[in-house]
1. Let me see the pair-distance distribution of chain B: every alpha carbon pair, 10 Å bin width, integer percents in order.
2. Normalising by the residue count of segment A:426-495, find the relative contact order in percent from Cα pairs under 8 Å and 6+ residues apart.
3. What number in nm² do you get for segment A:377-475 if you take the convex hull of its Cα atoms and divide its surface by four?
4. In peptide B:29-38, what is the residue-averaged number of other protein chain Cβ atoms found within 10 Å of each Cβ?
5. How would A:Met478, A:Met437 line up by accessible area, probe 1.4 Å, largest first?
6. Provide the FRET efficiency to the nearest 0.05 for the A:Asp304-A:Met186 pair, computing r from the beta carbons and using R0 = 60 Å.
7. Got the relative contact order for segment B:72-115 handy, in percent, Cα pairs under 8 Å and 6 or more residues apart?
8. Could you check the simple spin-label distance between A:Arg445 and B:Phe6, using points 7 Å along Cα→Cβ, in nm with one decimal?
Amino acid sequence: MHFFRPTVLNTSKRPELLPNETLLIQQSNCGLYEKKNKLDGYQDGVLYLTSHRIIYVDRKNPQTHSVDLHLNSVTTMEQYNGFLRSSPKLILTVDEDIWKIAMRTTDLVALESDSLSTQATKTFQVAATVGTWACPICSHDNTLLSDKCTLCGVRTSVNQKQENEDTSGSNNNSCPSCTFTNHQSMSHCEMCDTPLTDQPVPSPSSSSGPTLATTPSPINKPPSMAIVQVAFRKSGLQLFAQHLAGVLDRKAWNLATDTSMVPLSVKQKLQQPRAVGIFGIQQKISQMQEEHNDAMTEGFKDLDQLMTKATEMVHLAERISNKLNKDPNDKDLSMLRGYMVNLGITNPVTRDMAGSIYHQELARELCEFLTKLMTNKQHDIWTLTDIYCLFNRARGVALISPQDISKASLQFDRLKLPFRVRQLESNGILTIQSVDMDERRSAARILRHTKQSGYITALQLASLENWSLVIALEQLKMIEQLGALCRDESPSGLVFYENRFCPEVA
Amino acid sequence: MSSREFEFPAIHDFPPFYTRQPTETTWQSQAQQWMDLILQYARHHRMFTLSLHQATSPGESPLFENARLQRRLSEETLQEIVELMVQQGTAKWDNGKSQALLFWHKAEDWAEILLQWVNKCGLNNTIVTFYEITQGDLAVDQEFYGMPASVLQVCLQVLVKRGVAQIFKGSGDSDDMGIKFFQ
C-alpha cells in the first residue's frame, strides 16, 4: 500500500482534522483500490472528504485501518459508473512527485503538532537537514517547514520549493568537465561551455530530507502518475464527485487564512458617469439591480467569512484559556471554559454531508462533545434536554431537532461509545451519563453531605453536585428507596433526613 | 388522671416522623414507633377512645402535633396506623373508621384485672352495675376508671365466654347493665 498513509482518529473514531480543515461530506460502505488491486482490509468503511484530504475509516478496525490521502497530490478525477458486478468508482490520478513532497511536509507538520517540549528539538533538527529555500522577494533564507517567508510574508509555490530542494540538496549544477558549480538554470557551463544536464528529482529515501543527486535523468521528465480508486458500494458517487471537484478547484490547502474583502460597491460607484433624462433613469434602475445582485452574492460570501471567523474565535478562546490556566484561582476561567464549550463545534455533521449514516455520525459528534462537557466522568449526569440545548449552542449553525438527538443517543450502545442513556423511574426523563459513573460512590457522597448539615433538599444537592434539579431529586429518591434517607413533607417543601427509623440500613 | 407530664421520646421531635414514609421498611419502623407512642400516651392519660378526625385537627392533640416543629400527623396516616393496631389487637374500630377504642391492655388482660379487683373488693356473687365498675367510688384508683361502656363490654365478654360471669340487662334503662361474677 503505497499512497495512503495512516491517520489519527479521535476518541469517537472520527478523524482528527488539521487546523483550517473543514469536513464536507462523508459516505459509508466504501473501499479502496490502488492501481487495479483491491486493498485488503480496506474495503468496508466510511470515507470522509475534507477541504484538504480524503480520509478512510474502516468499520471493523477503525484504530488500525484508517488512512488518508492528501488532495494536493491528486491531479485529475474520473467517474466510473459501474457495470454488472463492479461497483461505481472514483478514479484519482496521483502525481507522485508532489505526493512525495507532501508526505515529507505532512510528516513535519505531524511532528510539529505533537507536544512541543519533546518534539521541539526534533523539529529543529529536521528543519536543518531538510534544507532552506530563498524567498524570491527579499532573499531571506527560510526553512522548508513554512509556506510563507518569515520576513516578507510571500508564499511560495510547491514547484519553487521543489526547485530549491533540488538546488539546496544537490548543490547546484556542477559541470562534468571542469567541476565549476553553475546556477541550475544554466544550460551550458559558464567556464568551459560544455552542455549541462538537468538535475534529477531527489529520491525520497528516508524522512531526513533530500540527499545528493545520484542518477541524471532526461530534461522535462513527465511527472509520474499513479492511479488510486475509491469504490462506492452503496450510492453516493455523484455527490461525492461533485464535492471533490469543488475541493480540487478551491485548493484550500493553498489558501491564506485571512481573505480580506474589497468592497466592490465602492469601486463601482466611482466609475459611473452622470446620465440625464429617461436614459439616465433607466441606467440608474439597471445599476440598482446590479448592486442588489452584487449585495446578495457578497452577503453569501460573508457567511463563508463568518465561518472562518468562527474558527478563529475558537482558536482565540483556546489561547486565552491556556494563558489563564496558569492562574487556577481565577473564576473567569470557568466562565471561559463555558464559552469554549459553547463555541466547541466548528464542523457540525449535517444531513447532506452524511446521508444515510447521519445518526451514527451525529452520535459520534455528540460523544466528542460530551467528552469535553463532562469533566468529572464518575459523577456527572445530564438530562437529555440540557444536552440538546448545549449541543445546539455549540453547533451554532445547522441545529438539530430533538428527535435527531434522541435517535443519535440511542446509537451509543450500538456503536460502543462510552456514554449511556438512562430513564429516571419516577418521571421518565432521559438522562445521559458516562459508563464510568458509579452509583454507589454518588450515594455515599450524598450521605456525607446530609450528615454534614443534618438534612438536605434537592436544591442544595443540585448546587453542591452541579446537577440539574430533576436529577438531584431523583438521586435523593433513589437513596430513600435504599433506606438511607427518610423524607419530611411540609408546606415549605420536601426535605430529606438521615434515616433514624432504620439506622442499621443507613 | 396522672399529674406528671407525659415525656415524649426523641423521635417526636424528628420532622420526618410526621410524614408517611414511602419506603416500606422505613414505614414499618415508623408505624411501630407511632403505635407504641399512642398506647403509652393513652395509658398515661387514661384515653380509651380515639376520634381520628378530632385528634388530627390543628391544635387539638399534643401527641399528633408538634407545635415547635410545626408538623402534624395527617388523618390518613393515623388511619393507617390504627388499622395496623387493629390487626395487632391493640385497638378496635368503633364507628366505622372514624372512632377507635384503644386497648393498651389486651381484653384478656383487662378481664384479669377486673376479676382480681372484684375478688379484692369482695363483690363476688353479687350483681355489679357497669356504672359501679367504671364510675364507682371503689374504682377511683383503678386503671379502668372512666372506661367507656363499649370497652367494658368487650372485656366482660371475655369473662362470659370463659364462664366466670354473666351479664344481666337492667330492668329500666337499656344501657344500664349489670354483671354477676361467680365464685
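1. Result returned by the calculation: 9, 33, 30, 18, 9, 1.
2. Working: 34 pairs, mean separation 17.6, N = 70.
It comes to 25 percent, rounded to a whole number.
3. On the way: hull surface 28.0 nm².
For segment A:377-475, the mean projected area of the Cα convex hull comes to 7.0 nm².
4. Values: counts 8, 5, 1, 1, 2, 0, 0, 0, 0, 0.
So the per-residue partner count for this stretch is 2.
5. Values: A:Met478 50, A:Met437 15 Å².
Solvent-accessible surface, decreasing: A:Met478, A:Met437.
6. 0.85
7. On the way: 27 pairs, mean separation 10.6, N = 44.
Rounded, it is 24 percent for segment B:72-115.
8. 4.5
The values are calculated or read from the model by the stated rules, or taken from the named source; none is laboratory data. Predicted model, so just to flag it, every value in this text is computed and none were measured. Virtual Cβ from ideal backbone geometry, glycine too; neighbours counted across all protein chains shown. Protein only, heavy atoms only, side chains kept; ligands, DNA and RNA dropped before computing areas. Shrake-Rupley method; radii C 1.70, N 1.55, O 1.52, S 1.80 Å.
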